[in-house]
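Worksheet: one structure, shown below.
What follows draws every value from the coordinates through simple rules; no lab data is involved. Note that the structure is a prediction, hence the values are computed from the model and not measured. Cβ placement follows ideal geometry from the backbone for every residue including glycine, while neighbour counts extend to all protein chains displayed.
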Amino acid sequence: MTAFHIDCQCPQCGAPANLQETDRLVSCPFCRVRSFLLTRDYFRYVLPAKKPAAEDLFYFPYWRFRGTLLFSLASGIDHKFLDVDQSAAEAPGLPMTLGLRAQAMKLRFLSPDLAGRFVAPQRSFSETFTVFQKRAVRTLPKPILHSAHLGESMGLVYAPVYVRDRLYDAVLDQPIADRVNLLDGHGVAYEKPDWQVRFVPALCPDCGWDLEGERSALALHCRNCPASWYPSGETLTRVESHCLPDPQANAYFLPFWLITCDTSGIELSTYGDLVKAANLPKVVDAAQGSRKFRFWAPAFKLRAQAFLRMAESLTLTQVQEMLTPVLPSERHHPVTLPVEDACESLKVVLAGFMKPRRRVVEMLTRISIHPTHFRLAYLPFRDDRHDFIQVQTQLAVNKNLLRLSRHL
Ligand SMILES: [Zn+2]
Ligand SMILES: [Zn+2]
């Protein structure tokens with residue numbers, strides 16, 4: 001399954017808008033109002049029914065996950081890209097997955113005024129996700145020391161069915177099961193879903209200035225304040241945003257999450273601790289050694305190997321001493337990876353640089369990492385033919401890979 005397309009309406013003028021699943025900022029071509037999409041947790045969608053009348057419809061829930069699973073193994077790191085869905089409730093005769101229906105149709109956001117009966121999910125997302133994980137690890141060498149996920153889109157998709165002589169899929173308007181009494185009784189419960197997508201104007205919550213950002217951007221900037229804003233449930237909240245200076249003044253800025261953590265099972269609060277954990281061939285003086293350690297991770301979607309390589313390199317380099325609290329220039333890449341995903345990857349990043357390897361096997365399962373603070377850090381990259389090259393550290397990222405990773 002590829003990323004969904006979603007039909008929605010401009011909250012200001014009602015004009016139709018067509019979104020991709022990864023879009024967060026909607027610009028209306030008619031009234032020119034820009035709105036930002038928010039949800040208290042995850043997005044919920046419905047597949048549109050062809051027929052019959054809406055009040056006869058039953059909506060059946062499916063959990064959907066699209067993203068990368070990361071695994072720390074004794075021999076190193078492995079990953080698998082998943083694009084899957086699975087029914088969230090049991091009902092005999094109903095398909096276990098959405099199949100082609102979600103590819104062929106444009107989805108809509110769930111809304112409280114939609115008529116029909118909604119089947120309540122019987123399984124939580126995390127229960128279903130555990131099943132996806134178990135399936136993905138079957139072919140991997142054991143033991144699996146740690147698993148995590150990255151760059152996920154998760155959500156709930158409702159598919160409509162109706163009952164006549166048989167049970168019909170209302171998207172394709174085709175019969176799917178013979179028995180007609182499937183949906184009453186049999187442990188199926190109904191609920192009125194209490195959820196609605198929230199649109200907020202893309203204006204600075206402090207000063208009302210237009211917020212700057214691309215359609216897939218999770219962080220928006222106000223050039224007037226100046227400040228950066230990031231979704232937190234149904235509101236935009238301020239996020240600290242810093243930059244490394246650009247000596248050439250024409251760099252492309254890429255965003256990273258800079259994350260402070262409490263760790264247990266390993267001492268990792270200073271640069272000196274990092275030198276020890278990674279067994280770096282370095283002699284550090286007391287001043288260097290006592291500098292506060294922070295994790296670095298890309299704040300944009302990137303294929304797993306490149307993501308982990310960048311996170312590891314920057315975490316080992318610890319360039320935060322040179323950051324200044326300014327916004328990046330307009331030539332910058334959007335933040336597309338939520339900070340929760342970056343936090344989720346940190347133990348895999350740590351397992352990647354811990355030395356010697358046997359320590360990873362011995363220690364990893366006992367280590368836990370608790371993020372306590374995060375901010376955005378934009379780093380300048382210069383244009384090379386095929387790559388963007390980080391000015392201060394010479395770390396390279398392939399331009400083509402960056403472009404292809406946008407739709408992960
Ligand atoms: Zn409009
Ligand atoms: Zn402002």
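Please tell me the relative contact order of the chain in percent, rounded to the nearest whole number, where contacts are Cα pairs under 8 Å and at least six residues apart. Averaging sequence separation for qualifying contacts and normalising by length gives 18 percent for the chain.
Taking 1.567 mPa s as the viscosity and 4 °C as the temperature, the Stokes-Einstein diffusion coefficient of the chain based on its alpha-carbon Kirkwood radius rounds to 56 µm²/s. Rounded to the nearest 10 degrees, the angle from helix 304-317 to the longest Cα principal axis of the chain is 30 degrees. Computed over the alpha-carbon pairs of segment 115-224, the distance histogram in 10 Å steps reads 10, 23, 23, 24, 16, 4, 0 percent, short to long. Computed over segment 232-363, the percent of Cα pairs more than 26 Å apart is 27. Here the peptides 78-84, 240-246 are ranked by packing, the mean other Cβ count within 10 Å, and the order with the highest first is 240-246, 78-84. Straight Cα distances below 14 angstrom link residue 80 to the aspartates and glutamates 152, with same-chain residues fewer than 8 positions distant left out. Using the alpha-carbon atoms, what tilt in degrees (0 to 90, nearest 10) does helix 339-353 show relative to the longest principal axis of the chain? On a 0 to 90 degree scale, this one is about 50. Partner lysines whose Cα lies under 24 Å from the Cα of residue 355, excluding those fewer than 8 positions away in the same chain, are identified as 142, 276, 282, 292, 347. Per-peptide packing, taken as the mean over residues of other Cβ atoms within 10 Å, places 194-204, 62-72, 130-140 in the sequence 62-72, 194-204, 130-140 from highest down.
Between 292, 142, 282, where does the largest GNM mean-square fluctuation fall for the chain, given springs only between Cα atoms within less than 10 Å? Checking each option, the largest mean-square fluctuation is seen for 282. Looking at segment 1-76, the pairs of alpha carbons with a distance over 18 Å make up 60% of the total.
The base-10 log of I(q)/I(0) for segment 156-279, evaluated at q = 0.13, 0.16 Å⁻¹, reads -0.82, -0.94 [Debye formula, identical scatterers on Cα atoms, solvent excluded].
Please say if segment 35-124 is rounded, prolate or oblate, where rounded means a/c under 1.5 for a ≥ b ≥ c the square roots of the C-alpha gyration tensor eigenvalues, and otherwise the choice is prolate for a/b larger than b/c and oblate otherwise? Verdict is prolate for segment 35-124.
Helix 125-137 and the long axis of the chain differ in direction by around 70°, with both axes built from C-alpha atoms. Partner lysines whose Cα lies under 23 Å from the Cα of residue 192, excluding those fewer than 8 positions away in the same chain, are identified as 50, 51, 106. Is the C-alpha gyration tensor of segment 355-396 telling us rounded, prolate or oblate? Criteria: a/c under 1.5 is rounded; beyond that, a/b larger than b/c is prolate, otherwise oblate. Oblate, because a/c is 1.5 or more while a/b does not exceed b/c.
Every helix of 4 or more DSSP H residues in the chain counts as -39500 (n - 2.57), and over all residues that averages to -5000 deg cm²/dmol at 222 nm. Ranked by the mean number of other Cβ atoms within 10 Å of their residues, highest first, the peptides 394-405, 17-28 fall in the order 17-28, 394-405. Diffusion coefficient of segment 288-380 by Stokes-Einstein, Kirkwood radius over Cα pairs, 37 °C, 0.692 mPa s: 224 µm²/s.
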